Amino acid sequence: MHELELVNVCKKFKEKTAVQDITIRLQHGVYGLLGENGAGKTTLMRMICGILEPTQGSILCDGMRIQQMGGAFRSLLGYLPQDFGYYEDFSAYRFLHYMAALKALPEDYARDRIDELLEVVDLEAVKHKKLKTFSGGMIRRIGIAQALLNNPEILVLDEPTSGLDPKERVRFRNIISSLGKDRLIILSTHIVSDVEYIADQIMIMKNGKMIRTGTEEEIAGNIKNCVWKCLVSEKEAMRLNENYIVSNLKNQGDQVELRIVSEEKPVPDAEQLAMTLEDIYLYCIQND
């Protein structure tokens, strides 16, 4: 098992600070990195992968700076960027074979591994079709397959379910859950459901800072009894939407059912509900 440690990591681009003073230790298991678009997640992931260097601070793997490790670190790493490049005229099989060559994988191993992964991502039947004929979701699955080619012990996935339909999302979550038993996986997303059932640890970023880390129970902290359901008129719903965090809104005839995250009772007849990870996330983003 390998350990990553970030110590006072910052990244600045001219006048903009994208990542601010992050210190965290990551061991085996699945880490769900949550944050709004622009929170700094992708910049952080790119630094962890060695693509960007921190402006300040250090990223260590088993106590050694990843820049010093060079190829030894890259051999441990699998990475799916938010937008990854591919050759449209390559078939799925040819593209994965090309990526295996870039990773310097032995030919026999590569052939067997490609066949195995094409089955895992359910693309075996179209492996000889050109990538330009693939849907966005199919391209995303090819990206997941290429990240797994070298059977990495550290797997970094940036918005991996972008473009996947609900069935593919479930398949992906099951794959990641099984992989997380014996390796370190960092999964960045702004979609809470992608990590709610599979992440061992949750990390929440806001404006470049890591505002909460831990299990769902730990990040909830003292946030309790803060979710309410109420049935109100459309006019009242508009008022509540302006003054509270509304996590769900559903029309019920001439009334509107709201799910509200608030420390105070929003209306006298509001009914208290159990909190979900999404409720906790919305509360933290709004209040931390």
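How would you classify region 36-162 from its alpha-carbon gyration tensor, with a ≥ b ≥ c the square roots of the eigenvalues: rounded for a/c under 1.5, else prolate if a/b is greater than b/c, otherwise oblate?
Verdict is oblate for region 36-162.
If you stretched the chain out fully between Asn243 and Asp112, how much longer would it get, using 0.36 nm times the residue separation minus the C-alpha to C-alpha distance?
Answer, rounded to one decimal: 41.5 nm.
Among the GluC sites (Glu not before Pro) found in region 1-46, those both in a DSSP coil and sparsely packed, with 14 or fewer other Cβ atoms within 10 Å of their Cβ, are Glu3, Glu15, Glu36.
Potential lengthening of the chain between Asp288 and Asp182 amounts to 34.9 nm, from the contour at 0.36 nm per residue minus the alpha-carbon distance. Simple point charges give the picture: +1 on the Cβ of Lys and Arg, -1 on the Cβ of Asp and Glu, and for the chain a dipole about the Cα centre of about 820 debye. Here is the list for region 30-129: trypsin sites (Lys or Arg not before Pro) lying in DSSP coil, each with at most 16 other C-beta atoms within 10 angstrom of its C-beta, are Lys103, Lys129.
If one takes the longest principal axis of the Cα atoms in the chain, at what angle in degrees, from 0 to 90 and to the nearest 10, does the Cα axis of helix 107-120 lie? Between helix and principal axis, roughly 30 degrees.
Is region 85-140 best put as rounded, prolate or oblate by its Cα gyration tensor, with a ≥ b ≥ c the root eigenvalues, rounded for a/c under 1.5, and otherwise prolate when a/b is larger than b/c, oblate when not?
oblate
Under 21 Å Cα-Cα from Lys250, which lysines qualify once same-chain neighbours fewer than 8 residues away are excluded? Answer for Lys250, where 21 Å is the Cα cut-off: Lys229, Lys235, Lys265, listed by chain and number. Please report the relative contact order for the chain, taking Cα pairs under 8 Å with a sequence separation of at least 6, and give it as a percent rounded to a whole number. So the answer I get is 21 percent. Here the label points at Ile51 and Ala274, each 7 Å from Cα along the C-beta direction, are separated by 3.9 nm in the simple model. Angle check, please: helix 92-102 long axis (alpha carbons) against the longest principal axis of the chain (alpha carbons), in degrees 0 to 90, nearest 10. Tilt of helix 92-102: around 70 degrees. Note on Val126/Glu36: beta-carbon distance plugged into 1/(1 + (r/R0)^6) with R0 of 41 Å gives a FRET efficiency of 0.75. With the helix formula -39500 (n - 2.57) applied to DSSP H stretches of n ≥ 4, the chain reaches a computed 222 nm mean residue ellipticity of -9500 deg cm²/dmol.
Hey, what's region 36-134 come to in accessible area per residue, 1.4 Å probe, Å²?
On a per-residue basis, 55 Å².
Please return the longest range in the chain lying between exposed loop sites, taking chymotrypsin sites (Phe, Trp or Tyr not before Pro), DSSP loop only, at most 13 other beta-carbon atoms within 10 Å, and leaving the sites out. The answer is 88-196.
Each Lys or Arg adds one and each Asp or Glu takes one away; over the other residues whose Cβ falls under 12 Å from the Cβ of Arg25, this sums to -3.
Helix 136-147 and the long axis of the chain differ in direction by around 60°, with both axes built from C-alpha atoms. For the pair Met69 and Tyr197 in one chain, pulling the backbone fully straight at 0.36 nm per residue adds 42.7 nm over the alpha carbon distance.
If R0 is taken as 25 Å, the Cβ-Cβ distance between Asn151 and Tyr87 corresponds to a FRET efficiency of 0.60.
The values are calculated or read from the model by the stated rules, or taken from the named source; none is laboratory data. Predicted, not measured: the structure shown is a model, and the values here were computed from it. In this analysis, Cβ positions are derived from the backbone assuming ideal geometry, glycine residues included, and neighbour counts consider all displayed protein chains. Surface accessibility is based on the protein's heavy atoms, side chains included, excluding ligands, DNA and RNA. Shrake-Rupley method; radii C 1.70, N 1.55, O 1.52, S 1.80 Å.
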